[in-house]
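Chemist: Before anything else, here's the structure in question.
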Amino acid sequence: MDVRRIRAISRGGQAGHAQKYLWLSGAILLAMGALGASGWEEYVAYGLIVLSGLLPMLLWIRIGMRGVPIMPAVGLMHILYYALPIALKNPDISSFDSVEILRSAATVSLFLIAATAAWKMRLIKMRPQMKSGGARETPRYFGLNGFIAISMVLGIMFQVSVIGGWLTWAGSVFGLLRAVMMTAAVVGCYLLGAGRGRGTIRGTFWLLALLAFGALVALVWSSLFLVGGVIYLAAAVLGYAIESKRLPWRALLPLLLLTAILHAGKAEMRDRYWYPGTNYGGVNSVLQVPGLEWEWMGTGIKAIATGRYGQSLVDRASLLRMLLIAQQKTPSQVGYLYGRTYMLLPQMLVPRFLTSGKIASQAAMDLLNVRYGILSSQGVTATAIGWGPIAEGYANFGYSGVIIVGLILGLIMGEFSRRSVGANAMSLRMLLAIVAIMTMINLEADLSYLLVNLFQASMAAFILFSGYRWLVGGRKVPPSARVGPASGDRGGRPVTAAPK
């Protein structure tokens, strides 16, 4: 039996197990909705989002789990942001009736189906497995581990410099520097999880990398913003899950608990440490970080014990309210925008160091918040409330806007996933797929902000890849050395035996 046949059998077995877990997860989620929904309209609304969110994952499994699953990850995130708030009775949507919720859920489902169709259409046009001469890797003694080490060091150095105020010299170039450093850190966290998932990272390097990873997250959290550290945690978990085809529950549950504790104490800590009337402050020395984190955990535990913790994590993540507002007020109270938020994109793409008058990257979000009365024109300078591409699409063109945006994003995700098939873990194509999945799972971003972030992260990945290859040199990669979900089997490992 030839190697291709053996690998096909291996992929078939993995796909069968993954599909069983998916059906089980879907059944559990639907049962949660039956227990939490108020009336059949809400349950149907919940079920529409859950099934539409799971559909991309089902399709990805059926095509052999090849390529980085960008659309499947985005589909699962929609369940968190749009479905769970219904089952858990989010107070932000309590003022809307069941029919309005059902209408909004159908809109979310429409978006997901459009995006999934475009993603699948692009993904099925996979090019053949890349020949061994098409990818480049660094020498064996400075390969994946070296890449992770450099990425982690760059991320930590950047955070230490920000805390110490050592980057004031950067001026308008600070944005480019931040993009490169943060992209390096995200890629490093993803590859750390992926390497651990396939069993190639272990021993002393694993312990050192884990310490560096923890230090990076702690440094990011010293700003009292949770999202930065959560992105790095999500990158590592995604890398592990995609490579190993299973979730790291033993690590994931404590991380979720820690995040919930920090979220509960976040407001009180900001009152203590942020400068009045601003959204920044905190520590100005790395030596203060351990004490701050310990105090934050104590504050969060106390807030949970006394019941004064504000919104839960699921309540905070809800985007359903923004879509409900858009559909309730448009066009009866607020007219369609007819693309005004999208027209801001060309100005956002201009690097800040080329023009001092560049508009803010969140200008579209601010426009929506002011137009719908969520925030005042002064309030947007201190508070950010994300809308996401679905509510933004409806605010611009109604249902047609939702479908068009879904198709656009689906095609983009499909292209990045398609190019990751057969790619070496440290190839440019894989790095671009990694930054794409980490960018696209940010559902709170409007379309313009999403595309700007994707463009900046892609440029940063190119700079990172070019600099790393220049630093350590490169050589051609044999087929058996390829790493990652792109190869279709367990990390591209050669198979030596087949079942009878």
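Chemist: Report, by residue number, each residue of the range 416-454 that is of a type in the set (Val, Ile, Thr) and open to solvent by 10 Å² or more (accessible area, probe 1.4 Å).
Modeler: THR439, ILE441
Chemist: Another one. Got a number for residues in the range 361-382 being free of Cβ contacts under 8 Å to residues at least 24 places away in the same chain, in a loop (DSSP other than H, G, I, E, B) and surrounded by fewer than 15 Cβ atoms within 10 Å (Cβ to Cβ)?
Modeler: Of the residues in that region, 4 qualify.
Chemist: Which one is surrounded by the most Cβ atoms within 10 Å (Cβ to Cβ), of the residues in the range 102-121 that are closer than 15 Å to GLY388 by Cβ and polar (S, T, N, Q)?
Modeler: SER104
Chemist: Among the residues of the range 40-68, write down those that are closer than 16 Å to SER104 by Cα and either aliphatic (A, V, I, L, M) or in contact (Cβ under 8 Å) with a residue 12 or more places away in the chain (or both).
Modeler: Scanning the range 40-68 gives GLU41, GLU42, VAL44, ALA45, TYR46, GLY47, LEU48, ILE49, VAL50, LEU51, SER52, GLY53.
Chemist: Follow-up question, since we're still on this one. Residue by residue through the range 209-239, note down the ones that are over 17 Å from the mean Cα position of the chain (by Cα) and in contact (Cβ under 8 Å) with a residue 24 or more places away in the chain.
Modeler: Within the range 209-239, ALA209, ALA212, PHE213, ALA215, LEU216, ALA218, LEU219, TRP221, SER222, SER223, LEU224 qualify.
Chemist: Would you mention how many residues in the range 383-400 are of a type in the set (Gly, Ala, Ser), within 22 Å of the chain's Cα centre (by Cα) and either surrounded by fewer than 15 Cβ atoms within 10 Å (Cβ to Cβ) or at pLDDT 90 or above (or both)?
Modeler: Qualifying residue count, the range 383-400: 4.
Chemist: Kindly provide the set of residues from the range 430-462 that are over 23 Å from GLY401 (Cβ atoms) and either free of Cβ contacts under 8 Å to residues at least 60 places away in the same chain or not in a helix (DSSP H, G or I) (or both), ordered by number. Working first, answer last.
Modeler: As a first pass, look at the range 430-462 and keep what is over 23 Å from GLY401 (Cβ atoms): 430-435, 437-438, 456-462.
Across the range 430-462, the qualifying residues are LEU432, SER458, PHE462.
Chemist: Another question, if that's okay. Being without any contact (Cβ under 8 Å) to a residue 40 or more places away in the chain and open to solvent by 50 Å² or more (accessible area, probe 1.4 Å) is the filter; apply it to the range 270-292 and report the residue that is nearest to GLY197 (Cα to Cα).
Modeler: The residue in question is LEU287.
Chemist: Note down all Cβ pairs under 8 Å where the first residue falls in the range 84-109 and is free of Cβ contacts under 8 Å to residues at least 60 places away in the same chain and of a type in the set (A, V, I, L, M), the second is open to solvent by 20 Å² or more (accessible area, probe 1.4 Å) and assigned to a helix (DSSP H, G or I), and they're at least six residues apart or on different chains.
Modeler: Correct list of pairs: ALA87/MET32; ALA87/LEU35; VAL99/GLU41.
Chemist: Okay, next question. Suppose we filter the range 31-64 for residues that are of a type outside the set (Gly, Ala, Ser), open to solvent by 20 Å² or more (accessible area, probe 1.4 Å) and closer than 18 Å to ARG103 by Cα; how many remain?
Modeler: 7
Chemist: Can I ask one more? Report every pair of residues separated by at least 6 positions or lying on different chains whose Cβ atoms are under 9 Å apart, first residue within the range 401-425 and at pLDDT 95 or above, second of a type in the set (Asp, Glu) and surrounded by 24 or more Cβ atoms within 10 Å (Cβ to Cβ).
Modeler: Listed by first residue and then by second, the contacts come to GLY401/GLU392; VAL405/GLU392.
Chemist: Report, by residue number, each residue of the range 245-269 that is surrounded by 16 or more Cβ atoms within 10 Å (Cβ to Cβ), among the basic types (Lys, Arg) and assigned to a helix (DSSP H, G or I).
Modeler: Scanning the range 245-269 gives a single hit, LYS266.
Chemist: Considering only residues that are open to solvent by less than 10 Å² (accessible area, probe 1.4 Å) and farther than 18 Å from LEU320 by Cα, which ones fall in the range 65-97?
Modeler: Result: MET65, GLY67, VAL68, PRO69, ILE70, MET71, PRO72.
Chemist: Scan the range 164-178 residue by residue and report those that are open to solvent by 20 Å² or more (accessible area, probe 1.4 Å) and of a type outside the set (S, T, N, Q).
Modeler: GLY164, GLY165, TRP166, LEU167, TRP169, GLY171, VAL173, PHE174, GLY175, LEU176, LEU177, ARG178
Chemist: Still on this model: Can you confirm whether the range 405-415 contains a residue that is of a type outside the set (A, V, I, L, M), farther than 30 Å from PHE465 by Cα and open to solvent by 10 Å² or more (accessible area, probe 1.4 Å)?
Modeler: Checking the range 405-415: not a single residue is of a type outside the set (A, V, I, L, M), farther than 30 Å from PHE465 by Cα and open to solvent by 10 Å² or more (accessible area, probe 1.4 Å).
The values are calculated or read from the model by the stated rules, or taken from the named source; none is laboratory data. Please read these numbers as outputs of a predicted model, since none were measured by experiment. Virtual Cβ from ideal backbone geometry, glycine too; neighbours counted across all protein chains shown. Accessible surface is based on the protein model in full, side chains and every heavy atom, while ligands, DNA and RNA are left aside. Shrake-Rupley method; radii C 1.70, N 1.55, O 1.52, S 1.80 Å.
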